[in-house]
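Just so you know, all these numbers are worked out from the coordinates, no wet-lab data involved. Predicted, not measured: the structure shown is a model, and the values here were computed from it. Note that we place each Cβ from the backbone using ideal geometry, even for glycine, and neighbour counts take in every protein chain shown.
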Amino acid sequence: MPPSTHSATPAPPTAVDIQDAVHLTMSFAPHARRVEHLRRVAGALLRQDDLGTEAVETVQLLVSEIVTNAVVHSRGERVRFSLAYRRSGFVRIEVDDHSPALVTVRQPGPDEESGRGMFLVDALSWAWGRRGTCTWCVVATREACAP
């Protein structure tokens, strides 16, 4: 079943749709300091193309959540991060942590200090999933949401 979405939102990008998009790909050792670094890099890149405050802040939050999961659960020496976008469309975030573990949406109790990352990804992204060892999500920009 496809993810729920607003009726005015077009389908998320496929690999073909994002071929002409702006791409950023980085590989890094799984370390907690990379979370904030990638959050800032994603924000600076998207602000440069004026994608809109709401879209930029949403992408930054989702980058933080997905990269944190990758750093915590990584099974390799490197994590691969990729961001692709078009100004009038979508932002696609991919993080490959080389971990075969399933990614699930949890609903932690009010006293739990962690476990909300994929809940936020599920709530704030247009679509998300896991392909092999890569977790991805798609965020619609303000232009994609316009009627």
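Report yes if some residue within region 64-75 is surrounded by 18 or more Cβ atoms within 10 Å (Cβ to Cβ), hydroxyl-bearing (Ser, Thr, Tyr) and more than 16 Å from Thr135 (Cα to Cα); otherwise report no.
No.
If I go through region 46-61 residue by residue, how many of them are of a type in the set (A, V, I, L, M, F, W, C) and either over 14 Å from Thr141 (Cα atoms) or in contact with a Lys or Arg (Cβ under 8 Å, 6 or more places away or on another chain) (or both)?
4
Do you know which residues across region 47-61 are surrounded by 12 or more Cβ atoms within 10 Å (Cβ to Cβ) and not in a loop (DSSP other than H, G, I, E, B)?
Once the filter is applied, which keeps residues that are surrounded by 12 or more Cβ atoms within 10 Å (Cβ to Cβ) and not in a loop (DSSP other than H, G, I, E, B), region 47-61 yields Arg47, Glu54, Ala55, Val56, Glu57, Thr58, Val59, Gln60, Leu61.
Can you pull out the residues in region 30-46 that are basic (Lys, Arg) and surrounded by 14 or more Cβ atoms within 10 Å (Cβ to Cβ)?
Arg34, Arg39
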